[in-house]
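For reference, the structure is listed below as structure tokens.
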Amino acid sequence: MTGHPSTQTAHRDASQEYEILRFEHVTIAFDGDPAIQDISFQIRHGESLVILGSAGSGKTVILKTSIGLLRPESGRVFLFGEDITHRKELDLFDLRARVGMLFQEGALFDSLTIEENVSYPLLNQKTLRCTESEMHNRVEESLRFVELEHTLEKFPSELSGGMRRRVGIARANVTKPELVIYDSPTAGLDPITANNIMALIVKERDLRRATTIIVTQRFQDGQIMAKYRYDREQQNLVAASPADVAGLRLMVMKDGRLVFQGTQQELEQSRDPYISKFVLRH
Ligand SMILES: Nc1ncnc2c1ncn2[C@@H]1O[C@H](COP(=O)(O)OP(=O)(O)O)[C@@H](O)[C@H]1O
Ligand SMILES: [Mg+2]
């Protein structure tokens, strides 16, 4: 399990490591212009993936394709082991309900309160029937996780950019999904707020043991995912041992193509000029 002490890592059994997401040679084009080309990768339960790349490199297109919001021109996509490449929208509902998503810019509903925003994914779960008080409790718990339980009655416009992003994290995790996807969680935030957001993402990853995918332009975000784990006793991030983060993979996108895929160590050792530039530039 990513980000957990090696004592727990040793207890991993093979049956838990089922496949969460797989791309096989996926290409997506808009009006004949490829946005992503020949992308292949796989992520298993408990692993995490960081997709680095500058603006327009195809990161959001990969995420939307992962949950069937975009359809491949060629190649195949498997979500929780099921081929969703040509699956109809209505038949994707149950699989999508198992994924928590933080969309770019947080994407909260302006006219709904924070409580209503965070309860939205719960209302959409057919299998999860909660009473109103259970729903309230889960929303409160999820907001407490990001230290915003006092904002239930507020509207998004009353919160700062960093707080809105934290609400987005609470909403993405409120159903305790097996897979959580964060699209550019730190974009537009100052460096300190950005680091706080990443700390919350690592905390969600490690306490809930959720399979986590983040896409980002900020090299530092990947480094936080790769070098820290959340410690329950200290209630803070601490330096991770290599075993703690053995399940972390990094990818680098450039102009719709995957130019790197590997571990943190492999990324640091890469001699590819583009990757080295990307690594040093941030
Ligand atoms: N709905 C769309 N229609 C046309 N082009 C799109 C659409 N979505 C994305 N693109 C193009 O695909 C490329 C990758 O976009 P995107 O995945 O959003 O990049 P980013 O890495 O910044 O998230 C860009 O050139 C973008 O203009
Ligand atoms: Mg994007």
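General remarks:
- Within the stretch 54-92, the set of residues being over 25 Å from residue 125 (Cβ atoms), of a type in the set (Gly, Ala, Ser) and either in contact with a helix residue (DSSP H, G or I) (Cβ under 6 Å, 6 or more places away or on another chain) or within 12 Å of ligand 2 (Cβ to nearest atom) (or both) comprises 54, 55, 56, 57, 58.
- Unmet criterion (only one of (1) modelled with pLDDT of 95 or more; (2) surrounded by fewer than 23 Cβ atoms within 10 Å (Cβ to Cβ); (3) of a type in the set (A, V, I, L, M, F, W, C)) for residue 10: (1)
- So residue 106, is it without any contact (Cβ under 8 Å) to a residue 40 or more places away in the chain, part of a loop (DSSP other than H, G, I, E, B) and buried (at least 18 other Cβ atoms within 10 Å of the Cβ): no
- Total residues in the stretch 53-63, condition crowded, with 18+ Cβ neighbours inside 10 Å and either at pLDDT below 95 or over 23 Å from residue 205 (Cβ atoms) (or both): 4
- Residue 178 meets all of the listed conditions (1) closer than 27 Å to residue 64 by Cα; (2) surrounded by 21 or more Cβ atoms within 10 Å (Cβ to Cβ) but one, namely (2).
- Residue check for residue 100: outside any loop (DSSP other than H, G, I, E, B) and touching a Pro at 6+ places or on another chain (Cβ under 7 Å): yes
- Failed condition for residue 120, given (1) in contact (Cβ under 8 Å) with a residue 24 or more places away in the chain; (2) in a loop (DSSP other than H, G, I, E, B): (2)
- Test: residue in the stretch 188-210 that is within 15 Å of residue 100 (Cα to Cα), part of a loop (DSSP other than H, G, I, E, B) and touching a Gly at 6+ places or on another chain (Cβ under 8 Å): yes
- Residue in the stretch 226-246 that is within 16 Å of ligand 1 (Cβ to nearest atom) and either among the polar types (S, T, N, Q) or buried (at least 22 other Cβ atoms within 10 Å of the Cβ) (or both) present: no
- Hey, residue 81 touching an Asp or Glu at 6+ places or on another chain (Cβ under 9 Å), surrounded by fewer than 15 Cβ atoms within 10 Å (Cβ to Cβ), in contact (Cβ under 8 Å) with a residue 60 or more places away in the chain and on the phi > 0 side of the Ramachandran plot or not: yes
- When the residues of the stretch 120-138 are filtered to those that are crowded, with 16+ Cβ neighbours inside 10 Å and farther than 13 Å from residue 172 by Cβ, the one that is modelled with the highest pLDDT is 138.
The values are calculated or read from the model by the stated rules, or taken from the named source; none is laboratory data. Given the structure is predicted, the values throughout are model-derived calculations rather than measurements. In this analysis, Cβ positions are derived from the backbone assuming ideal geometry, glycine residues included, and neighbour counts consider all displayed protein chains.
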